[in-house]
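Notes follow the structure.
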Amino acid sequence: MSRNALTPTPKNSFTLRSSRSRLLAGVFTLALAGGALGAIVVPEVVTPAAAQLSTNQPAGTFSFADIVEKVSPAVVSVKVKKDEDQVAANDDEDGNQNIPPQIERFMRRFGFGPGGPGAPGGPGMGPRGGQHRAVVGQGSGFFISADGYVVTNNHVVDGASEVDVTTTDGKSYTAKVIGTDPRTDVALLKVNGKGDFPWVKLAAKAPRVGDWVVAVGNPFGLGGTVTAGIVSARGRDIGSGPYDDFLQIDAPINRGNSGGPTFGLDGEVIGVNTAIVSPSGGNVGIAFAIPSETVSEVVEALKAGGQVARGYVGVQIQPVSDEVAEAMDLKQAEGALIAQVQPGTPGEKAGLKAGDIVTAIDGEVIKDSREMSREIARKKPGTTVKLSVLRDGKTTTIPVTLEQLPTETAMAGDKDKGGDTEQQNHGIPRLGLSLAPAKGVAGAGDQGVVITEVDPNGPGAERGLKSGDVILDVAGKPVMTPADVRDGIAAAKKDNRKAVLMRVKSEQGTRFVAISLGDQRG
């Protein structure tokens, strides 16, 4: 092998030194000119991160060591015990179920891990061997008060029969679960013990995209570990729930970091690590954290009553897409479109209707359905909010008194698609759909028109329509027969509409579907 192949570094180092020398020479010349002219001043070059830290380090150097030393004592390892039949596949937990089979066999051979000769319930343990056993999982958490309150993820402690936390100095404490909030994946624990635990503060101000962050946790059960990166995005929706509003960070986050804190450079917690995107289970630079402002709201509620009381309107909503805006002749694709109003709910009592678009809450503009969900959820039950609603091209204000969000939503409706409907079908080739009156299809209900067949290459399939879906109305008018659907499309085309809006009920709920009239095919 040639010398160049073995030692590429000197060449690269020389290039960097040469460039640096030229840069310093330029700065030196500029400084001399400034001294001569008395007008040009060369500022000292200090990295933005270093400028925010109070350190004794020389200017121009930067280390996270000071902030890590400051916050690490407040970060803990959370170990939970669960009955084996309660354990679900958790992407972020570090139990023995995550150990590769060949390593687990090795551990069992030498007495380590569940089922090993030296493990409780393993071979050689008498009558307990081979019986029901507990599974151990691990995550991270952090103290938020000196009297022992700890924040972690709900999925870390969900179903736990026993929870212990271990501090950085190796001391272990039994923790009690004060309350959990599955919708935001936040859990609050309380450690009984001394009243002077080291703790950290939840930040009141949201970070900016590009800000430095430091994540501290217990990846792979190895103990306290620190990684660093930046905030790469805000307001991420990862499909985990209706209140998704995650920070995306590129600091390496791995299994076991769940529930651990991510810090800003002032030592305050900007988010709680909760999820990663990874095909292999390891870090690929995409991680998500619950924003501190959300955590603060949930923690206060859990402290007060062990659960979070959220406001509830009782409507199904969806974003106003470009196609929907086009079909409704709107100037902008903004707001939350009400697809269905649940009977007996605050929304029905207030007079909200399917097809209404909520554009503001108490005067604050609503950009999309996610923002409406989050804002309503932040309100307490019993609060009256004023919804700005766009209906039939006019804006009106509708007051709604919120109620308590139900713990479970009843999903009614038999989706049996059986029955002989071949003779009832009426083809609509322009949309690629075959339809039949809902009354004539078993299990479809009494309202609307059932889609019995979908052309996979038609406009209907492209918009996500499926066999079994029920079209409730077209262009704002209820439909009961395939002819009603055809007439609604014809009327929209006659009015020079670029798209037709259909309200469709499916297994996932009720939504509006906009189909461009230009998409129709003969």
Extended-chain gain in nm, criterion 0.36 nm per residue less alpha-carbon gap, LYS331 and SER63: 91.5 nm
Estimated inter-spin distance, GLN508 and ASP495, nm [label 7 Å along Cα→Cβ]: 2.6
Distance from the range 455-509 to the range 161-219 (C-alpha centre basis), Å: 50
Per-q log10 I(q)/I(0), the range 426-519, q = 0.13, 0.22, 0.25 Å⁻¹ (Debye; single scatterer per alpha-carbon; no solvent): -0.36, -1.10, -1.45
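Using r as the Cβ-Cβ distance of ASN192 and ASN457, and R0 as 51 Å, what FRET efficiency do you calculate, to the nearest 0.05? Please report the intermediate quantities before stating the final value.
Working: r = 65 Å, r/R0 = 1.27.
Between ASN192 and ASN457 the formula returns 0.20.
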Residues SER140, SER292 arranged by fewest to most Cβ contacts within 10 Å: SER292, SER140
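Could you tally up the Lys pairs in the range 311-404 with alpha carbons closer than 15 Å? Skip any pair fewer than 8 positions apart unless they're on separate chains. Write down the numbers at each step before the final one.
Numbers: LYS331/LYS367; LYS331/LYS394; LYS349/LYS386; LYS353/LYS394.
Close lysine pairs under the 15 Å cut-off: 4.
Subtracting the Cα-Cα distance from 0.36 nm times the residue separation, let me have the gained length for ILE238 to GLU364 in nm, one decimal.
Working: separation 126, 0.36 × 126 = 45.36 nm, distance 2.48 nm.
Difference between extended and current length: 42.9 nm.
Could you order the peptides 65-71, 384-390 from most to least packed, using the average number of other C-beta atoms within 10 Å per residue?
On the way: 65-71: 16.3, 384-390: 18.6.
Averaged packing, sorted descending, gives the order 384-390, 65-71.
Taken together, the values in this text are just the output of simple stated rules run on the coordinates, not laboratory data. Computed from a predicted model, the values in this text were never measured in an experiment. Because the Cβ atoms are built from the backbone with ideal geometry, glycine has one as well, and the counts that use them run over all protein chains shown.
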